[in-house]
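Heads up, the thing below is written out as structure tokens.
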Amino acid sequence: MAVILVPSSLRRYSDQQSRLSLSAGTIAEALARFAERSKDLQNHLFAGKTLRNFVVVCKNGKDIRLLNGMETPIGDTDEVQIIASVAGG
Amino acid sequence: MRTDPAPSLSDAELRRFGRHLVLPEFGIEGQRRLKAGSALLIGLGGLGSPAALYLAAAGVGRIGLVDADVVEETNLQRQIAHGYAVLGKPKIDSARTRMLDLNPDLVIERHRMRLDLENAVELISQYDVIIDGTDNFPTRYLVNDTCVKLGKPNVFGGVLRFDGQLSVFDARHGPCYRCIFPEPPPIEFSPNCAEAGVLGVMPGVIGCLQATEAIKLLAGIGTPMIGRMLIYDGLDLSFNTMRIAKDSDCRVCSKASEDIVLTETVMVCAAPVGGTIRAEALQGRLDAQEPLIIVDVRSPDEWLTGRIPGSIGFPKPELEKALAQANGAPLSGLPMDQDIIVACQSGMRSSASIKFLVAAGYDPKRLFNLEQGMSAWPGHVTF
Ligand SMILES: [Zn+2]
């Protein structure tokens, strides 16, 4: 099972867990699985089918835009990190 | 980037910086480069407070401080450059006092203002390294775009709740802020620290890391965080470094400097909620003497420029606070079973206010945003 690392701003959708295990073959599948948890979360991550441009996703510490984007394959030992833009100071 | 080393260090400086001088990677040359270098700190809040103190203590020769605010009690949970003794005083003044106490040889330049479209180029062009310690998206995008235009490294830090982020955006050698986050999130997804909270020590951690990166850049040592972003999770205590990419289509850093036009970043809502009404239609309903409630969510200062006759003044921050406290009950004067027109100057704050009203239980079918706000209101006003 791949692991999704959830930023604290989204943990109200993950029962306050920072890591969620789920089975998925691609980044797109993993995010879709995660987003199933709530309509608000779906709306936070996606505009329709596209990932919102203030959400960055990394696979094993690498921006998926440097890989194969949403179609990047993931396996059992992979970590998918969601990074939400924060502006506080 | 490396600045040219300053000619020499005084005896006092040689004593004060002894622990730096024995670092083989840093040494007297690193110290002289710091003394010859300059940094601009934008924002003296949670991030800027520790960054200011460490940059001063480390011996950066010239430091610019940009902040328009005065010290308030609620700042002191995290803004450790200030204190009770200076409540109500400008932050640039209280930070300066602390900084000079750590290093009396510093040159500190105070800029008591907000960074804006008019002053950004002038301010940022005067310094070697820029440190973004601001607390809002529009200023962050302005800092980024100006740094790209002028070819300056932007030491970025951001915090919220228990999350921290750090990177060095230097478009000459890697991605800029907009390559990673092209636009700010819509208002409903972008709470600030006042709304969402922040553990006070989070900006302390990130602000210290910003100071470290600025010192490395000025002294020309180590590997700067260019093309990488640090994600700090305070609850888990994890530090993850992500590799981030330059966007070849970036709307700012893919352009030549002279083609970069600085613009104001406006925070918008993702999808409008409720209906809208044009000024003429509202005038028509007023002329027909329909029972209407008009709420003006601008600030009391703005009401002095004229209000729609019969409108109720309810500034947006107070409206939000009242709704949060009402627990789903209607506010007095704002029944839930009548049409309510919400107005501000341009239609932006009123649109956001409608979201809060809906979230508090008001029927979106009975809420109407005055399109383009008072700026498009042709009718009578009262003062
Ligand atoms: Zn860019």
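The values are calculated or read from the model by the stated rules, or taken from the named source; none is laboratory data. Given the structure is predicted, the values throughout are model-derived calculations rather than measurements. A quick note on method: Cβ atoms are made from the backbone with ideal geometry, for glycine too, and the neighbour counts reach across all protein chains shown. Surface accessibility is based on the protein's heavy atoms, side chains included, excluding ligands, DNA and RNA. Shrake-Rupley method; radii C 1.70, N 1.55, O 1.52, S 1.80 Å.
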**Request:** Answer yes or no as to whether B:E290 is surrounded by fewer than 14 Cβ atoms within 10 Å (Cβ to Cβ) and assigned to a loop (DSSP other than H, G, I, E, B).
**Result:** yes
**Prompt:** Within region A:60-81, can you find the residues that are in a strand (DSSP E or B) and more than 10 Å from chain B (Cβ to nearest Cβ)?
**Reply:** A:P73, A:V80
**Asked** Does B:R228 satisfy the criteria of being away from chain A (no Cβ under 11 Å) and not polar (S, T, N, Q)?
**Response** no
**Message:** Filter region B:155-213 down to the residues that are of a type in the set (D, E, K, R) and away from the ligand (no atom under 16 Å from the Cβ) and list them by number.
**Reply:** B:R161, B:D163, B:E188, B:E195, B:E213
**Asked** Filtering region B:85-94 down to residues that are of a type outside the set (A, V, I, L, M, F, W, C) and open to solvent by less than 70 Å² (accessible area, probe 1.4 Å), which residue is nearest to the other protein chains (Cβ to nearest Cβ)?
**Response** B:K91
**Prompt:** Does A:L41 fit the bill of being more than 10 Å from chain B (Cβ to nearest Cβ) and closer than 26 Å to B:L237 by Cβ?
**Reply:** yes
**Fill in**
Reported set for region B:297-349 where residues are among the basic types (K, R), open to solvent by 70 Å² or more (accessible area, probe 1.4 Å) and within 25 Å of B:F383 (Cβ to Cβ) is B:R349
**Prompt:** From the residues in region B:269-281 that are crowded, with 17+ Cβ neighbours inside 10 Å and assigned to a loop (DSSP other than H, G, I, E, B), which one is modelled with the highest pLDDT?
**Reply:** B:G274
**Prompt:** Taking region B:103-147, which residues are within 16 Å of the ligand (Cβ to nearest atom) and more than 10 Å from the chain's Cα centre (by Cα)?
**Reply:** B:I130, B:N144, B:D145, B:T146, B:C147
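Yes/no per residue for (1) over 30 Å from A:H44 (Cα atoms); (2) more than 14 Å from chain A (Cβ to nearest Cβ); (3) at pLDDT 90 or above; (4) more than 16 Å from the ligand (Cβ to nearest atom):
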{"site": "B:D247", "(1), (2), (3), (4)": "no, no, yes, no"}
{"site": "B:R251", "(1), (2), (3), (4)": "no, no, yes, no"}
{"site": "B:S257", "(1), (2), (3), (4)": "yes, yes, yes, no"}
{"site": "B:T263", "(1), (2), (3), (4)": "no, yes, yes, no"}
{"site": "B:M267", "(1), (2), (3), (4)": "no, no, no, yes"}
{"site": "B:E290", "(1), (2), (3), (4)": "yes, yes, no, yes"}
{"site": "B:I293", "(1), (2), (3), (4)": "yes, yes, yes, yes"}
{"site": "B:V297", "(1), (2), (3), (4)": "no, yes, yes, yes"}
{"site": "B:E302", "(1), (2), (3), (4)": "yes, yes, no, yes"}
**Prompt:** In this structure, does B:G234 turn out to be open to solvent by less than 40 Å² (accessible area, probe 1.4 Å) and closer than 19 Å to A:S9 by Cα?
**Reply:** yes
**Asked** Considering only residues of region B:333-383 that are among the hydrophobic types (A, V, I, L, M, F, W, C) and part of a loop (DSSP other than H, G, I, E, B), which is farthest from B:G284 (Cα to Cα)?
**Response** B:A360
**Prompt:** Looking at this structure, is B:V273 away from the ligand (no atom under 16 Å from the Cβ) and within 14 Å of another protein chain (Cβ to nearest Cβ)?
**Reply:** yes
**Request:** May I ask you to say which residue of B:A51, B:A68, B:A57 is touching a Gly at 6+ places or on another chain (Cβ under 6 Å) and either of a type in the set (G, A, S) or farther than 25 Å from B:I28 by Cα (or both)?
**Result:** B:A51
